[in-house]
Amino acid sequence: MTRPLVRPPRKNPILRTRLPTLPPAARSRVALGLTAAAARGRFELQVCRDCGTVQYPPREACRACLSPRLDWRVQDGNGELVAETTLRHSHELFFRERMPWRLGLVKLDSGPLVVAHLHGDCAAAPTRVRVRAHLDRAGQAALVALPDKDTPHMADDRELRELTCDPKFRKVLVTDAKAPLGQALVEALVDAGVDLVWAGEAEPWKKPPGFERIKALPQVAVVPLDLTDSRAVKQLAGEIGGRVDILINNADHHRNFGIAARDGIETARAEMDVNYFGLLRLAQEFAPAMRARGADGQSSAVAWVNVLSVFALSNFPPHGTYSASKAAALSLAQCLRAELAPTGVRIVNVFPGPIDDEWNQTLPPPKIAPARLAADIVAALRGGAEDVFPGNVAQDWLERWRDNPKALERELAAMPQP
Amino acid sequence: MSDTVLSRLLAELAGGRIRIVDLTQTLSPDFPQIVLPPEMGQAWPFRIEEASRYDARGPGWYWNNFSCSEHTGTHFDAPIHWISGRHLPDNSTDTIAAEKFVAPACVLDCSHEAASDPDFLLSVDFLRKWERRHGRIAAGSWVLMRTDWSKRTDPVAYQNIDETGQHTPGPNTDAVRFLIEERGVLGFGSEAIGTDAGQAFHLKPPYPCHYYMHGSGRFGLQCLTNLDLLPPVGSVLIAAPLKIKEGSGSPLRVIALVPQSMPAPAVARVARKKSKTSRARTRRR
Ligand SMILES: [Zn+2]
């Protein structure tokens, strides 16, 4: 049984903050297929189109028939733990610092034998397990075997926590806590057992419904934060930056215009100022402190969430300038991910479809509710993915985009202007 | 220098017999901007980005780039700002005759009324009562509405917005028309974020101070401060907007020349207190 996590003791200030180390990160290009799927929260293996063999580890050709015609297919991960070992020595710094480390050999029902990190609640071999692909601190796919059925506090497992960004007992900054999504995020984080939520508030003279209730929650501290104000971002980073374990950037400026539907660039510039430059300002001021705290004990700096939009992948012309700003933010988030890669801090990009709010009022359903999106973001932090497409619309658009980006471009262009 | 009007003015300034009072709010990112429905075009707040600060970006110097609306902070409204003034000659910041930037000021103390009623509307009746005490408002004067609104240093209290909009004092329609048609004023100035009251959208016409003042070639000053340091009459304003081509307005530094022989009650009060803040606000020469 996993021992439930307890609130960590206060940090001993005379000890040097441990620097982050990473598990081995080198992968062949073909092995990155496993990572690409894990990045979206999926466990995929190569399946031979000619003979149907499921294979692991990934290779250029089928190990059974040498066919190069291999497809990445989702696996259910069910299998049997056939052997286990506990690592007590390693030349890898990352594992040396985390000994002992439990590893297992799992025979998947689909055929291949895989090596996986072993959750503490898995019984001794032989036993049934579920294998999942999570990203590790190096951002590469790692397989983890979970017990056949959920166990109490299983998210608190020491090895599993090295693959997740669980907000429990962590301190979280929500950059815009006033918007409907921000309010829902604060509530979901409080329910997830966070230590503290810094609730960012811009333009304090605007009082949206519901915000007073959010402000009154005992875990919430309202902080002034307007992402268009460089000095304010710097000021807040100076005050709390060294304590932020998870940063959720949900600040968003959304107006529904294309090019022809609005004179001038003022609206588009405002979208860029929040959605793109806002992320850049945050990254310049908050990333340095988080970079230094990637291994700072149980509640280390662990994740940076960007709420983007599925429109970042392909322009939705009725919301054309907004789509462009989100595409810019996506590109910058990739830069931030590369710069934070050595620290183990995960950049989680969230690509919702239209949110059910005032700026999508005239779009037909389905639209994702703020509370549902907030729950999906918290679930993503507890999982092992870095690219999250919450809701059916986002999933549908993602699949269409992956299948044929040009076709999706044409389909989006043909959608009626609301 | 020979004895001229200007040399005497300089001597009065040097001798402290004419004081300079700064009526300007500091341009700061924290200062609130006017609130419009979010689907409309918006006035930018003041924002500032560092270009260099004795560092790799510029080793020996410090400077910033800033951005804001023509209507951010303490600012001037030109007649072209409003649709009623759009066809007037010389109606923008670059074409207004520069001599209009120096003018006498009448200060109407509405601080008592505004304290008890944030929606207080200045009326003709109020103006006539004021004139009985201080004399007729001279043509070409600025009329400044003192409400002590600038003392609301908390932006939330300054904006004073609820579900029905903003609640700040301003003039009613008849008072505006009286000041223009009967008194020929230069313009109207206020401490709140607009020359019109917060609820002036519901007056007839909407925003009467903007509509009539700018429609008749008059000006506006908004977000003024330190009006409590001015006498009811006798001060002179220097209020020159930036020379923006076809500008509808401009942030500006507004200063007042105040003869020391004409202390406002508040000036006497401040002088007695000798508080550090009021000394900082009132530069003595
Ligand atoms: Zn094969």
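Things to note:
- Any chance A:Arg10 is open to solvent by 60 Å² or more (accessible area, probe 1.4 Å), away from the ligand (no atom under 16 Å from the Cβ), out of contact with any Ser or Thr (no Cβ under 8 Å at 6 or more places or on another chain) and away from every other protein chain (no Cβ under 14 Å): yes
- Residue in the range A:266-285 that is crowded, with 22+ Cβ neighbours inside 10 Å and within 15 Å of A:Lys171 (Cβ to Cβ) present: no
- For the residues A:Arg346, A:Arg402, A:Arg372, the requirement of being touching a Gly at 6+ places or on another chain (Cβ under 8 Å) and free of Cβ contacts under 8 Å to residues at least 24 places away in the same chain singles out A:Arg372.
- Residue count for the range A:387-418, restricted to those that are modelled with pLDDT under 90 and surrounded by 11 or more Cβ atoms within 10 Å (Cβ to Cβ): 2.
- Scanning the range B:128-159 for residues that are open to solvent by 40 Å² or more (accessible area, probe 1.4 Å) and within 14 Å of chain A (Cβ to nearest Cβ) yields B:Arg152, B:Thr153, B:Asp154.
- Residue match in the range B:103-111 (condition: open to solvent by 30 Å² or more (accessible area, probe 1.4 Å), away from chain A (no Cβ under 14 Å), over 27 Å from B:Gly170 (Cβ atoms) and of a type in the set (D, E, K, R)): no
- Cβ pairs under 7 Å, 6+ apart, first in the range B:17-33 and at the interface with chain A (Cβ under 9 Å from one of its Cβ atoms), second among the acidic types (Asp, Glu) and open to solvent by less than 20 Å² (accessible area, probe 1.4 Å): B:Pro29/A:Asp229
- Taken over the range B:160-193, the residue count meeting the criterion of being under 20 Å from B:Ala115 (Cβ atoms), open to solvent by 10 Å² or more (accessible area, probe 1.4 Å) and away from chain A (no Cβ under 14 Å) is 1.
- Scan of the range A:43-58 for residues that are within 11 Å of the ligand (Cβ to nearest atom) and either polar (S, T, N, Q) or at negative phi (or both), ordered by number: A:Gln46, A:Val47, A:Cys48, A:Arg49, A:Asp50, A:Cys51, A:Thr53, A:Val54, A:Gln55
- If only residues of the range A:196-214 that are buried (at least 17 other Cβ atoms within 10 Å of the Cβ) and part of a helix (DSSP H, G or I) are counted, the one that is nearest to the other protein chains (Cβ to nearest Cβ) is A:Phe211.
- Residue within the range A:24-36 that is open to solvent by 40 Å² or more (accessible area, probe 1.4 Å), touching a His at 6+ places or on another chain (Cβ under 8 Å) and not assigned by TED's automatic domain parsing to the domain that holds A:Gly193 present: no
- A:Leu163, sole failed condition from (1) under 25 Å from A:Pro20 (Cα atoms); (2) open to solvent by 20 Å² or more (accessible area, probe 1.4 Å): (2)
- Taking the listed residues A:Ala177, A:Ala155, A:Ala184, the one that is away from chain B (no Cβ under 14 Å) and in contact with a Pro (Cβ under 8 Å, 6 or more places away or on another chain) is A:Ala184, with no other qualifying.
- Odd one out for A:Thr17, checked against (1) in contact with a Lys or Arg (Cβ under 7 Å, 6 or more places away or on another chain); (2) within 16 Å of the ligand (Cβ to nearest atom); (3) farther than 22 Å from A:Leu135 by Cα: (2)
- Single match in A:Asp195, A:Asp191 (criterion: touching a Ser or Thr at 6+ places or on another chain (Cβ under 8 Å), assigned by TED's automatic domain parsing to the domain that holds A:Asn360 and under 22 Å from A:Pro8 (Cα atoms)): A:Asp195
- Counted residues, the range A:104-124 - those being crowded, with 16+ Cβ neighbours inside 10 Å and farther than 25 Å from A:Val47 by Cα: 4
- Matching residues, the range A:356-382, being at pLDDT 95 or above and open to solvent by less than 40 Å² (accessible area, probe 1.4 Å): A:Ile368, A:Pro370, A:Leu373, A:Ala374, A:Asp376, A:Ile377, A:Val378, A:Ala380, A:Leu381
- Strands (runs of 3 or more DSSP E) contained in the range B:1-92 and holding at least 2 residues at pLDDT 95 or above, open to solvent by 60 Å² or more (accessible area, probe 1.4 Å) and of a type in the set (Phe, Trp, Tyr): B:58-67
- Condition met for A:Arg63 (within 11 Å of the ligand (Cβ to nearest atom), closer than 24 Å to A:Gly104 by Cβ, without any contact (Cβ under 8 Å) to a residue 24 or more places away in the chain and among the basic types (Lys, Arg)): yes
- Residue that is nearest to the ligand (Cβ to nearest atom) [pool: residues in the range A:73-100 that are within 25 Å of the chain's Cα centre (by Cα) and buried (at least 16 other Cβ atoms within 10 Å of the Cβ)]: A:Gln75
Table: residues versus (1) modelled with pLDDT of 95 or more; (2) part of a loop (DSSP other than H, G, I, E, B).
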{"position": "A:Gly242", "(1), (2)": "no, no"}
{"position": "A:Gly258", "(1), (2)": "no, yes"}
{"position": "A:Gln284", "(1), (2)": "yes, no"}
{"position": "A:Ser314", "(1), (2)": "yes, yes"}
{"position": "A:Ser323", "(1), (2)": "yes, no"}
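- Counting the residues of the range A:176-189 that are assigned to a helix (DSSP H, G or I) and either open to solvent by 30 Å² or more (accessible area, probe 1.4 Å) or polar (S, T, N, Q) (or both) gives 3.
The values are calculated or read from the model by the stated rules, or taken from the named source; none is laboratory data. From a predicted model like this one, the values you see are computed outputs, not experimental measurements. Ideal geometry is used to build each Cβ from the backbone, glycine not excepted, and the neighbour counts take in all protein chains shown. Accessible surface areas use protein heavy atoms only, side chains included; no ligands, DNA or RNA. Shrake-Rupley method; radii C 1.70, N 1.55, O 1.52, S 1.80 Å.
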